[in-house]
Amino acid sequence: MNPGDMLRILPEIVLTLTGVLIMLADASLPANAPRRALGWVAALGTTLALWASLWQLSLPAGTAFYSTVETSPFTVFFHVLICGIVLVVLLLSLDSLPAESHNQGEYYALVVLGAVGMCLLTSGIELLVIFIALEISSIATYVLACYRKESGRSPEAAIKYFLLGSFATGFLLYGIALAFGATGTTQIYELSRLLPTAQNHTMVLAAMALMVVGILFKVSAAPFHVWTPDVYEGAPSPVVALMSTAPKAATFALLLRVVYEIFPTLRSSWAPLLWCVAVLSMTVGNVAALRQQNVKRMLAYSSIAHAGYLLAAFAGLGPSGIAAASFYTAAYAAMNVGIFAVVTMVGGYDDQRSMIADYRGLIYRAPLLGGLLIFFLTSLVGIPFTAGFFGKFYAFSAAVGGNAIWLALIGLLNSGLAAAYYLRLAFVTVQPAPDTESFAKVATPTVGVAVAAALLFTVGATLVLGIIPTQALQAAETGAHTLQVPANDENPAYITEGTQQPRGNRDGIE
Amino acid sequence: MTYLNESILTVILLAPLAGAALIAILPDRGKLPAWIGLLTTLVTLGLTLHLPAHFVLSQHGFQFETSRLWIENPAIYYHVGVDGLSLWLVVLAGLLAPIGIVASWNAIHQRRKIFYALFLVQQTAMLGVFLSLDLMLYYGFWELSLVPMAILIAMYGRKDGSKAALKFFLFTFIPSAPLLVAILWLYANTGTFNFADLQILIASGGLPAGPLCWVAIAFLFAFAVKVPVFPLHGWLADTFSEAPVALAMVVAGKLGLYSMLRFHVGLFPVQARALAPWLVALAVIGLLYGACLALVQRDFWRLLAFAALSHLSLITLGIYGLTFTGWDGAIYQILNHGVVDGSLFLLLGILEARYGTSQIACYGGLAAKVPQTATLFVITSLAMIGLPMLNGFVGEFLILSSTFTGVNRGWAVAATVGVILGAAYMLWLVQRLFYGPQSPLAADKPASDLRLGELLILWPLVALMLGMGVAPSIWLPTIENRTGPPTLKGSITLPQPSLSLAASGEGQQ
């Protein structure tokens, strides 16, 4: 190990230090002191981590700590995405957590420490490191889901999330163990070199299946999605904004690594599996969302559907699929965090107004929030000139490029179906509200500086990714190329050749 | 001037957006948004008039072209341009916009800011559809045009706006899913979204024929719903009876018919020819069906919706007759439909605003009370049913005669019957609204005749109907200067009636 290795995990170090600092400060502050300032510390630390990730682009791509973590444009892409999401969620939480809540310090610390796990998850190239990173991020999210423990729903959500989440990690771990059994290593590049020659083909297949299933649990793809609506409904909205995007982005990065980097030779096995899961996720998600009356449950099903659209990108061959999937995670994060920011502001911290009927006439009560809600909904529908459109566009064009035309067609028809429930909510917000007592009492949500910044970020990101996506797409593509995927999976010789190159000498790196 | 010629289309696209942004920034005070909207649309109209003024008749292909790389991979260009097909449609869109604003002047009482801002965004999207020469850009505008429309229908619907808006949105959004897949397939196989390149590549026959056939069907399906072609017209009546007048004028027809001509017949001439007999049959059925249903409607918005189905089917017939004369007639008829329908919507909107109902039975004998409205309504109706000297005649004549000589006499006769039915329901509507004994509503309700602003809009429209009827030669030469499908020009020798006519059309140019 050399000191330069530290630079390769610089964002994680910055985040860890911030988290520890917040925990210590929280413990040493007097019990009744306001802890809102800790949120700003967390935001500052996350911004620094974001800068540190961008700075890592100037490092030559390579590995560190005995080939357990790496930095490459791929990891930087996801680091920046995760740090961006966490930053926006922190800003959102600053204004939406009740001032009297005395656990705020813990909350901010957990968000930041969870981000450490997510970042490490994308940069780890050793399955055990990845497993630990996944646990770090998951445990932080389990606790955060329970943050509003005075309401009954929040602990229920947390326990469901915890039980099914640990079940999923069990799958993943079992898969890792089998892969280890087949090859004697858990280092990703070693694995991808050894697996094609592994004797026990059944064991390799089982390893792949178990790992993929474990990951699909985490990204809430159908049929492993049953926990999602309950958890999203019960957890506080800012936490949902976080856990529906950041851990998902990290886990999708892991899925990309697993299928494209470890098991590219098994494409004929995992591609049909992901095809089915993609179709099932979008259909189940959209059909179930049509019937929801609770906005957060509806968005939970919508996130299942979006996981399906994202999985469609995996039908794309090589870098085009990876780039499309990476871009989709970013586009989805921008609009989903945005819409949950609006939902947080409208519904309030304790979700008093979370039914669709409560949104009636929102645009007249709070024109800004109502307008933004419609904007994010159009993006989720996938209307051009918003992030959602290009996300879908790239995902499905990757699928068409990979000759999965039916998948693209089913996906786009599904997005037509999805328009029905997104627009139902959008139209409710523009309907004139009846001037009854109950409506008169509803206070107009006030938008503070931090939330305004959060909304500005998400709107900006949604528009930029929808109108001038070139730069983000280039970043995703550069990242995809560093994942070193064989263009043609029928040719294992190429894979061995590719992985035997020293990591530092790869081309396609800035 | 060259610089202006290159950037004029971009300016036309951005002008309504700038107006929308201005409305969004300024406070919602009184009629301020309406004034800004009117000003913006008048400026846009002025800008669109630059196009026919500087359109070079002797020059083939697209003019005022601009092409800039927008996104590198996949290569999407900001590529806009006009030819004889889109030129007057752009002007028509520009013309209908201020009319829409005037129609909303008194009808929209509240939340003017949202209304006019979204109306202008809708304007940009519509102009974008006519101007785009890159398939992705085109698709972008095509989809974008749905959103403001749906939101405005939901907000300002007469009774149950959200339901009609949802119906409208889903009906048009879901068919665009196969359209996008088809566009992506084309890109995956050709590597370009550029209209002209695709036209050449498809004509050269390098693409597999089987999938290409499905691609052509996907294109057609999306456009046919938007037109709408029978039996895909389920959304039309609800949308017409719910949508604010300004939007109902633009919702049907133009976009879908233009797209059929440009992107279905234009890109896939071979596949279009294979499907043409079916479409001719559907068009004639739609023509008769729409006319019959229009005869029995009790609500004049619904009557207008089925009348529109009938008229749009006639235009579809002109397009899929696949004759040059038919296409001239179809394009001319799209313009007529825009002008006549705009005027009818305005007049019926005025009636509904004055009397508060759209039930035909409540009216009767209005001519004595509102003579100017009656006069204008009668002229517009006559234009709609195709009286010689008025614009409807030119388009209908071109379409029907080309169908008779170039396609099939039986269908032509059936279509003519439909046109006669059209005269029947329109004249009967005029009779029920304006003549006969005065209804209690007409007698009791004191209602003023047309106001100055309304007259200022309607008389020019009527003059335009007359002008287009008397002197079609002003418009037709430009319309004929369009980029047709390449294969039709090359295959003149085939012994098909449509093609021999195509050849003669070619010769005349």
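The values are calculated or read from the model by the stated rules, or taken from the named source; none is laboratory data. Keep in mind that what you see is a predicted model, and the values were worked out from it rather than measured. So basically every Cβ, Gly included, is an ideal-geometry build from the backbone, and we count neighbours across all protein chains shown.
If residue B:125 satisfies all but one of (1) within 14 Å of chain A (Cβ to nearest Cβ); (2) out of contact with any Pro (no Cβ under 8 Å at 6 or more places or on another chain); (3) crowded, with 24+ Cβ neighbours inside 10 Å; (4) not hydroxyl-bearing (Ser, Thr, Tyr), what's the number of the condition it fails?
That leaves (2) as the condition not met.
Scan A:350, A:358 and give me the residue that is in contact (Cβ under 8 Å) with a residue 12 or more places away in the chain, surrounded by fewer than 24 Cβ atoms within 10 Å (Cβ to Cβ), in contact with a Pro (Cβ under 9 Å, 6 or more places away or on another chain) and among the acidic types (Asp, Glu).
A:350
The rows are residues; the columns are (1) buried (at least 18 other Cβ atoms within 10 Å of the Cβ); (2) more than 22 Å from residue A:242 (Cβ to Cβ); (3) touching a Gly at 6+ places or on another chain (Cβ under 7 Å).
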{"residue": "A:448", "(1), (2), (3)": "no, no, no"}
{"residue": "A:451", "(1), (2), (3)": "yes, no, no"}
{"residue": "A:454", "(1), (2), (3)": "yes, no, no"}
{"residue": "A:458", "(1), (2), (3)": "yes, no, yes"}
{"residue": "A:461", "(1), (2), (3)": "yes, no, no"}
{"residue": "A:464", "(1), (2), (3)": "no, no, no"}
{"residue": "A:471", "(1), (2), (3)": "no, yes, no"}
{"residue": "A:479", "(1), (2), (3)": "yes, yes, no"}
{"residue": "A:483", "(1), (2), (3)": "yes, yes, no"}
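Taking the residues in the range A:387-424 that are touching a Leu at 6+ places or on another chain (Cβ under 9 Å) and among the β-branched types (Val, Ile, Thr) as candidates, determine which candidate is farthest from the other protein chains (Cβ to nearest Cβ).
Ranking the qualifying residues of the range A:387-424, first place goes to A:405.
Determine which member of the set B:287, B:312, B:317 is within 30 Å of residue B:482 (Cα to Cα) and under 14 Å from the mean Cα position of the chain (by Cα).
B:312
Sort through B:294, B:237 and tell me the only one that's crowded, with 24+ Cβ neighbours inside 10 Å and closer than 30 Å to residue B:358 by Cβ.
Criteria check complete, one pass: B:294.
Just to be sure I understand, how many residues within the range B:172-227 are free of Cβ contacts under 8 Å to residues at least 24 places away in the same chain and small (Gly, Ala, Ser)?
7
Of the residues that make up the range B:91-102, is at least one crowded, with 19+ Cβ neighbours inside 10 Å and either of a type in the set (Ser, Thr, Tyr) or part of a loop (DSSP other than H, G, I, E, B) (or both)?
no
Any chance you could count how many residues in the range B:227-285 are of a type in the set (A, V, I, L, M) and under 30 Å from residue B:105 (Cβ atoms)?
Qualifying residue count for the region: 14.
Would you call residue A:365 of a type outside the set (A, V, I, L, M, F, W, C) and more than 10 Å from chain B (Cβ to nearest Cβ)?
Yes; evaluated as a whole, the condition is true for this residue.
From the list A:67, A:72, A:58, which residue is closer than 30 Å to residue A:328 by Cβ, loosely packed, with under 15 Cβ neighbours inside 10 Å and out of contact with any His (no Cβ under 8 Å at 6 or more places or on another chain)?
A:58
Filtering the range A:329-362 down to residues that are part of a loop (DSSP other than H, G, I, E, B) and hydroxyl-bearing (Ser, Thr, Tyr), which residue is farthest from the other protein chains (Cβ to nearest Cβ)?
A:349
Quick check, is residue B:276 more than 27 Å from residue B:80 (Cβ to Cβ), under 18 Å from the mean Cα position of the chain (by Cα) and either polar (S, T, N, Q) or in a helix (DSSP H, G or I) (or both)?
Against the criterion (more than 27 Å from residue B:80 (Cβ to Cβ), under 18 Å from the mean Cα position of the chain (by Cα) and either polar (S, T, N, Q) or in a helix (DSSP H, G or I) (or both)), residue B:276 does not qualify.
Take residue B:169 and tell me if it is more than 9 Å from every other protein chain (Cβ to nearest Cβ), in a helix (DSSP H, G or I) and within 23 Å of the chain's Cα centre (by Cα).
So residue B:169 fails the test.
Can you tell me which residue is surrounded by the fewest Cβ atoms within 10 Å (Cβ to Cβ) among those in the range B:147-166 that are in a helix (DSSP H, G or I), in contact (Cβ under 8 Å) with a residue 12 or more places away in the chain and not hydrophobic (A, V, I, L, M, F, W, C)?
Restricting to residues being in a helix (DSSP H, G or I), in contact (Cβ under 8 Å) with a residue 12 or more places away in the chain and not hydrophobic (A, V, I, L, M, F, W, C), the top hit is B:163.
If you take the residues of the range B:105-116 that are within 12 Å of chain A (Cβ to nearest Cβ) and buried (at least 24 other Cβ atoms within 10 Å of the Cβ), which of them is nearest to residue B:27 (Cα to Cα)?
B:114
Scan the range B:176-227 for residues that are polar (S, T, N, Q), outside any loop (DSSP other than H, G, I, E, B) and either more than 15 Å from residue B:266 (Cα to Cα) or within 14 Å of chain A (Cβ to nearest Cβ) (or both) and report the count.
Summing the residues that are polar (S, T, N, Q), outside any loop (DSSP other than H, G, I, E, B) and either more than 15 Å from residue B:266 (Cα to Cα) or within 14 Å of chain A (Cβ to nearest Cβ) (or both) in the range B:176-227 gives 3.
Could you please let me know if residue B:401 is of a type in the set (Ser, Thr, Tyr) and at pLDDT 85 or above?
Against the criterion (of a type in the set (Ser, Thr, Tyr) and at pLDDT 85 or above), residue B:401 qualifies.
Between residues in the range A:143-166 that are surrounded by 19 or more Cβ atoms within 10 Å (Cβ to Cβ) and residues that are outside any helix (DSSP H, G or I) and of a type in the set (A, V, I, L, M), which pairs lie under 6 Å by C-beta distance while being six or more apart or on different chains?
Within 6 Å, the pairs are A:145/A:235; A:157/A:235.
For the range B:243-268, which residues satisfy the criterion of being in contact with a Ser or Thr (Cβ under 9 Å, 6 or more places away or on another chain) and either outside any helix (DSSP H, G or I) or among the acidic types (Asp, Glu) (or both)?
B:244, B:252, B:266 - these are the residues of the range B:243-268 that are in contact with a Ser or Thr (Cβ under 9 Å, 6 or more places away or on another chain) and either outside any helix (DSSP H, G or I) or among the acidic types (Asp, Glu) (or both).
Hey, could you check the range A:425-434 for residues that are more than 7 Å from every other protein chain (Cβ to nearest Cβ) and of a type outside the set (A, V, I, L, M, F, W, C) and say which is farthest from residue A:279 (Cα to Cα)?
Only one residue fits best here, namely A:434.
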